[in-house]
Amino acid sequence: MISDLMEKLTDIFGQGLSNSFYPVPQEAIGVDSAFEGWSPCAEGVVYRVLVPLSPPPGHTFHLELDTGAGMARRKFWVRVELLCTCMREQLGEDMLCFLHHPEEELRRKQDPSLLHTLCTGSYLDVEKTAQWFCRFVRVAWLLLPQSRHWHLILQPSSRSCIFQLRKGKESFMAEMIFGVRQGHSDIFVGSQPTAGGIPSTMWLETCAVAEAKFFRQISRQAPQDSWHCKCLQLLNRSLEGVGFSSYTVKTVVMHLLSTVPLTQWRRRDLPQRLMDILNYLQCSLETKRLYHFVIGNERFPVEISLPSDLRVAEPLNLFQHLTRSPDAHVKAVQEFIQLLYR
């Protein structure tokens, strides 16, 4: 239902924005647990999609890396530049060149450029973009057939578009994250909310699409009775009140899926696979090393496209903070014992 809804919204965006110079939304991509097949439970699930944005006619996007951020949480600016469209105008297209027409004529005859709507300075602004999308969703919703049966409630969010759909006792939440693709790869810079406040012109690198593609690839290759998603689902149900994030457990499972044959993830293998996951996590705690599954991983499938710097990067240690803080390490070990007991 979410996929169908996103497809219809994208169509309405395309029709409604055909003569404007706002970012052009592409087909939404389902990411995270709900679309990877291992949501801990049906209640409370947020169906998260990433909506790739392309520059409008006469514009281009350039990604600028914040070199002081390090590999762990790379941050980017999306610089917007104007392109000459005089040739398109000569070919009869109904568009004036932003670079070579007087400003007064542009104001009278054409919508403003992206630089004058959703940018702060020369950079695409995350919060302005998210707020604009939310306003458009509110209007576009009335044109959708789902609006006759479901009630749309937009939730407050400064960097994404979160909405709840209700029909009687049924309800579910969805979140639209906006992203700009790095080259032709499956890595994006995204608008996903973050715990620490960052400038509204800053976009965070995300591997969510690449990871979702990995799970889809595994599902195609695995036997029909594979329990790899149920295994991950079961473990995540045990995380409530424990300090480990679902992403930590997901990372361990992804590493094991690339080393343990897929024929050994059936129902009868569940006890052994659960022990493998817990043993891997215990070993990672002892060595204070749990490597990111995408960044710098030589085993990451070559069919999933990565920027060259991520594929050849030094492996990224997600447990690096444990090497710096003995107290954090002791706490993590205690939480692992609690998870093991459960």
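Tabulated data for the structure shown
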| item | result |
| --- | --- |
| Filter pass, Phe35 being among the aromatic types (Phe, Trp, Tyr), open to solvent by less than 40 Å² (accessible area, probe 1.4 Å) and out of contact with any His (no Cβ under 7 Å at 6 or more places or on another chain) | no |
| Matching option when the condition is over 30 Å from Ala210 (Cα atoms) and in a helix (DSSP H, G or I), among Glu89, Glu127 | Glu89 |
| Condition broken by Cys84, with the remaining ones in (1) crowded, with 16+ Cβ neighbours inside 10 Å; (2) not β-branched (Val, Ile, Thr); (3) not in a helix (DSSP H, G or I) satisfied | (1) |
| Near pairs, Cβ below 6 angstrom, 6+ apart or cross-chain, from the range 131-154 (over 15 Å from Glu7 (Cα atoms)) to any residue that is not hydrophobic (A, V, I, L, M, F, W, C) | His149/Lys167; Trp150/Lys167; His151/Arg166; Ile153/Gln164 |
| Residue that is surrounded by the fewest Cβ atoms within 10 Å (Cβ to Cβ), among those in the range 129-142 that are of a type outside the set (Phe, Trp, Tyr) and under 14 Å from Gly179 (Cα atoms) | Ala130 |
| Test: residue in the range 246-254 that is open to solvent by less than 30 Å² (accessible area, probe 1.4 Å), under 30 Å from Ser54 (Cβ atoms), in the same structural domain as Tyr123 (by the TED database) and at pLDDT 95 or above | no |
| Criterion (open to solvent by less than 50 Å² (accessible area, probe 1.4 Å) and either among the acidic types (Asp, Glu) or assigned to a loop (DSSP other than H, G, I, E, B) (or both)) met by exactly one of Asp276, Asp309, Asp327 | Asp276 |
| Selected residue (criterion: nearest to Arg237 (Cα to Cα)) from residues of the range 38-61 that are hydroxyl-bearing (Ser, Thr, Tyr) and crowded, with 19+ Cβ neighbours inside 10 Å | Ser39 |
| Per-region count, the range 278-297, residues small (Gly, Ala, Ser) and touching a His at 6+ places or on another chain (Cβ under 9 Å) | 0 |
| Selected residue (only one of Leu318, Leu306, Leu310 is under 26 Å from Gln233 (Cβ atoms) and outside the structural domain of Arg74 (by the TED database)) | Leu318 |
| Selection status of Leu99, closer than 21 Å to Pro25 by Cα, assigned to a loop (DSSP other than H, G, I, E, B), open to solvent by 60 Å² or more (accessible area, probe 1.4 Å) and assigned by the TED database to the domain that holds Ser39 | no |
| Output for the range 3-24, where each listed residue is among the hydrophobic types (A, V, I, L, M, F, W, C) and either open to solvent by 40 Å² or more (accessible area, probe 1.4 Å) or more than 21 Å from the chain's Cα centre (by Cα) (or both) | Ile12, Leu17, Phe21, Val24 |
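Residue by residue, here is whether (1) over 24 Å from Asp309 (Cβ atoms); (2) outside any loop (DSSP other than H, G, I, E, B); (3) out of contact with any Phe, Trp or Tyr (no Cβ under 9 Å at 6 or more places or on another chain); (4) modelled with pLDDT of 95 or more holds:
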site: Gly197; (1), (2), (3), (4): yes, no, yes, no
site: Arg216; (1), (2), (3), (4): yes, yes, no, yes
site: Gln224; (1), (2), (3), (4): yes, no, yes, no
site: Lys230; (1), (2), (3), (4): yes, yes, no, no
site: Gly241; (1), (2), (3), (4): yes, no, yes, no
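The values are calculated or read from the model by the stated rules, or taken from the named source; none is laboratory data. Bear in mind that the values here come from a model prediction, so they are computed numbers and not experimental data. We place every Cβ from the backbone using ideal geometry, glycine too, and count neighbours over all the protein chains shown. Calculation scope for accessible area: heavy atoms of the full protein, side chains included, ligands and nucleic acids excluded. Shrake-Rupley method; radii C 1.70, N 1.55, O 1.52, S 1.80 Å.
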